[in-house]
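Scroll down for the structure; my scribbles are underneath it.
FYI, it's all coordinate maths here, none of it is from the lab. Because the structure is predicted, anything quoted here is derived from the model rather than measured. Here the Cβ positions follow ideal geometry from the backbone for every residue, glycine too, while neighbour counts run over all protein chains shown.
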Amino acid sequence: MPEKTTAMEADETLVDALNRTVEQFRVLDSDTSAAVDRELKALIGRATRGMSPIGILTSYVDWLGHLAISPGKLGTLLESLARKCLQLGIFNIKAILGGSELSSEPAADRRMQSEEWQEWPFSALAKGYELAREWVGELTSGVEGVSARHEKLVAFLSLQIVELLSPANFPLTNPEVLAATKRERGANLVRGARNLIDDATRKMNDAPAVGTDNYRPGEHVAITPGKVVYENRLIELIQYSPVQAEVGAEPLLIVPAWIMKYYILDLSPRNSLVKYLVDQGKTVFAISWKIQPGKTGIWGWMIISGSVSCRRSTPSMSLRTRRRYTRSDTAWAERC
């Protein structure tokens, strides 16, 4: 009996040791597995330009599923497709006989509005592209049961695919490219190939694209005069210098989306909302968000906090500005 008891105790000890080993065995802990997931999702995000492949797949499944059980919609689409094919055939017959042009109105795609596109067969390609765009728009909209969000995503992505296949994007179907190639004896193709290689090299080396030096804030963009009048760890508040002798009684605070630069509304004098408002006698303020590395999870709080702090600071600064730039204290007193 003592020998059997000792053997049983040894077996139990071995089993307990194995259980502890199994419980303690971890190839990946929770932090490491989360980090691996983040890295994979980051790679997918870079490959898809930030779009979720699962979201795209879900949208298309929603759209295709409801389209498959909509025989009325399918019949309407088939009728529309047949009608557009007939229209394209009639267009080609008239074009070959010399009695048709692309359209009396300019083409919807601005790349196909030159005279070269009015000659057959390029006019037929442009017409076919225009009809294809129309039909894809009908195909991806008006399907009963599809959520509005999925419908918009499917319509947008489908339109991008059609535009990718535009005849203007291929040298052999673009009459302007063919004419330039003939005129330059192929030098334009060589130049384009060099530009492609240069762009690919810059992307691999994380170098800025060609021409970015022409868009430096304060030199080429965001040139409306102003200065930082308030700052904290979240934002800088910019006040633009008035150009009128008198300015409006109420300040205007521009709060751009945090993913955009403050000068999104002040790109150049000819298309600057900021300059327009300043010229109209407005006291304009704009928020410039500071980069907060590693704190993307609290952006909501940061945006609210930054906006509130600016709203508290703007009225008092505006009061000083108005008093400084009014023509006389009498006029200021009358407005108050």
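Need the C-alpha centroid separation for the range 59-73 versus the range 111-157, integer Å. What the calculation gives is 19 Å, centre to centre.
Greater than 28 Å separation of Cα atoms is the criterion. Which listed pairs, Lys73/Lys127; Lys127/Lys203; Lys203/Lys227; Lys261/Lys282; Lys152/Lys282, meet it? Cα-Cα > 28 Å for Lys127/Lys203; Lys203/Lys227; Lys152/Lys282; rest within. With each label modelled as a point 7 angstrom along the Cα→C-beta vector, the Ser147-Ser30 pair spans 2.9 nm.
Per residue, the convex hull spanned by the Cα atoms of the range 53-169 measures out at 105 cubic angstrom. Residue ranges 260-273, 194-207 sort as 260-273, 194-207 when ordered by packing (mean number of other C-beta atoms within 10 Å per residue, highest first).
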